[in-house]
Amino acid sequence: MADQAERLRALVQGQRDVAPIKRQGNSRIIVVASGKGGVGKTNLVVNLAITMGQLGHKTLILDADLGMANVDILLDLKPVFTLVDVMNGKKELRDIILQGPYNLEVLPGGSCIPEIINMDNQQREQLISRLSYLEEETDVLFVDCSAGLSRNVLNFIATADDLVLVTTPEPTAITDVYSVIKLVDKYGMHSSVGLIVNMVSGPKEGEMIYHRIAKVCHNFLSLELTYLGSVDFDQHVQKAVVSCSPYVLQFPRSRAAQATQQIARHLLGIDKAPLPQKKEKRFLKRLFQRWLGETAEQ
Ligand SMILES: Nc1ncnc2c1ncn2[C@@H]1O[C@H](COP(=O)(O)OP(=O)(O)OP(=O)(O)O)[C@@H](O)[C@H]1O
Ligand SMILES: [Mg+2]
């Protein structure tokens, strides 16, 4: 029913090319993180998720940047309620999920850390079981993390099926992303990690940076770095941000949009082999157990 409503809305909005929605029956969680801040994670998450929606996948974004949530801003959505209201028992999960274009759903985290700390075990278990049901409803869950390696981010990384790291050509961004890779390798969280190089002058620069980091990984770590692609520095991204409209929708022919579409296809295993996945069952339950349980201990 919700799918039907979404398709009607898409038609009304002129989105006639929307692919038929069919659950793929193979949910996965893609965590997007970086070392340095401001490298373009949120923009990539939003635009990758919309592209996957256009390809017929049921996609949900968990806005896990609890301090400065801005997935909703890029989509011009206005969250009235967040997870905090679900925790307080004021709202049901369904009431707080925002509907974006192409079946995209957004789960606003809100600044819920103080509430999580104050929950007792029963409340926490209740919340986890409420959140876990999303697993049955979602093909791809993107987690948009805050920059760096807080305990929260590490929990998300540890539970991901796919970890995607974002860097820019800036030396500090490269150094910081390598620090994340080193830690992921040290704790054996993933044997394969995807890399996107954003804001490049052209594809060659992206490839060069990937090869540089991959060589160091090869020499010193056991983890394999998979290149997912690069996105050019493109003013269309900034224009789209200003008008709160994702660039894949507002400027679908821009270089940034086309590169993002290619990366989405790669992640889905269309044209290219997908990332080798660390696939375990009931990932969402594990994710939220880790997240909420660990945060409560802080
Ligand atoms: N390919 C691009 N070309 C030009 N500008 C870009 C590109 N990608 C992102 N930007 C710009 O970079 C800024 C930061 O982007 P974004 O908020 O997505 O980064 P972030 O990694 O999520 O940041 P944070 O670490 O603070 O969460 C935005 O203003 C956006 O317009
Ligand atoms: Mg962000």
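The values are calculated or read from the model by the stated rules, or taken from the named source; none is laboratory data. It should be emphasised that the depicted structure is a prediction, and the values quoted were computed from it without experimental measurement. Cβ coordinates were reconstructed from backbone atoms using ideal geometry, including for glycine residues, and neighbour counts include every protein chain displayed.
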* Asked: When you scan the stretch 191-205, how many residues do you find that are touching a helix residue (DSSP H, G or I) at 6+ places or on another chain (Cβ under 9 Å), in a strand (DSSP E or B) and away from ligand 2 (no atom under 16 Å from the Cβ)?
  -> 5
* Failed condition for Pro101, given (1) assigned to a loop (DSSP other than H, G, I, E, B); (2) farther than 23 Å from Gly229 by Cα; (3) touching an Asp or Glu at 6+ places or on another chain (Cβ under 7 Å); (4) in contact (Cβ under 8 Å) with a residue 40 or more places away in the chain -> (3)
* Asked: Looking at the stretch 245-258, which of its residues are near ligand 1 (Cβ under 9 Å from one of its atoms) and under 11 Å from Thr51 (Cβ atoms)?
  -> Tyr247
* Within the stretch 53-77, considering residues that are part of a loop (DSSP other than H, G, I, E, B) and at pLDDT below 85, the one nearest to Val248 (Cα to Cα) -> Asn70
* Structure fact -> Result of the Cβ filter at 7 Å on the stretch 136-161, keeping first residues that are among the acidic types (Asp, Glu) and partners that are at pLDDT below 80 and away from ligand 2 (no atom under 16 Å from the Cβ), at least 6 apart or interchain, is Asp139/Arg23; Asp139/Gln24; Asp139/Ser27; Asp161/Gln277; Asp161/Lys278; Asp161/Lys279; Asp161/Phe283
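Step by step: first the residues of the stretch 155-190, then only those that are among the hydrophobic types (A, V, I, L, M, F, W, C), assigned to a helix (DSSP H, G or I) and within 16 Å of ligand 1 (Cβ to nearest atom), then the one that is surrounded by the fewest Cβ atoms within 10 Å (Cβ to Cβ). Which residue is that? Steps first, please.
The first filter runs over the stretch 155-190 and keeps only residues among the hydrophobic types (A, V, I, L, M, F, W, C), leaving 156-158, 160, 163-166, 173-174, 177, 180-181, 183-184, 189.
Subsequent filtering for residues that are assigned to a helix (DSSP H, G or I) retains 156-158, 173-174, 177, 180-181, 183-184.
Now narrow it down to the ones that are within 16 Å of ligand 1 (Cβ to nearest atom): 156-157, 173-174, 177, 180.
Values: Phe156: 23, Ile157: 22, Ala173: 24, Ile174: 18, Val177: 24, Val180: 23.
Among those residues, the one meeting the criterion is Ile174.
Among Val237, Val248, which is under 22 Å from Tyr102 (Cα atoms), modelled with pLDDT of 95 or more, touching a strand residue (DSSP E or B) at 6+ places or on another chain (Cβ under 9 Å) and not in a strand (DSSP E or B)? It would help to see each step written out before you state the result.
On the way: Val248 fails: touching a strand residue (DSSP E or B) at 6+ places or on another chain (Cβ under 9 Å).
Being under 22 Å from Tyr102 (Cα atoms), modelled with pLDDT of 95 or more, touching a strand residue (DSSP E or B) at 6+ places or on another chain (Cβ under 9 Å) and not in a strand (DSSP E or B) holds for just one of Val237, Val248, which is Val237.
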* Selection status of Phe283, in contact with a helix residue (DSSP H, G or I) (Cβ under 7 Å, 6 or more places away or on another chain), modelled with pLDDT of 95 or more and not β-branched (Val, Ile, Thr) -> no
* To do: Among the residues of the stretch 87-99, write down those that are closer than 25 Å to Asn155 by Cα and at pLDDT 80 or above.
  => Glu92, Leu93, Arg94, Ile96, Ile97, Leu98
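Restrict the check to the stretch 42-49 and report whether at least one residue is at pLDDT 85 or above and among the small types (Gly, Ala, Ser). Before the answer, list the steps.
Filtering the stretch 42-49 down to residues at pLDDT 85 or above leaves 42-49.
Within this subset, residues satisfying the condition of being among the small types (Gly, Ala, Ser) are 49.
Yes, there is a match, as at least one residue in the stretch 42-49 is at pLDDT 85 or above and among the small types (Gly, Ala, Ser).
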* Take the stretch 202-244 and flag every residue that is within 12 Å of ligand 1 (Cβ to nearest atom) and farther than 13 Å from Ala259 by Cβ. => Gln235, Gln238, Lys239, Ala240, Val241, Val242, Ser243, Cys244
* Among Phe81, Phe142, which is the only one that is modelled with pLDDT of 80 or more, closer than 23 Å to Val46 by Cβ and away from ligand 1 (no atom under 16 Å from the Cβ)? -> Phe81
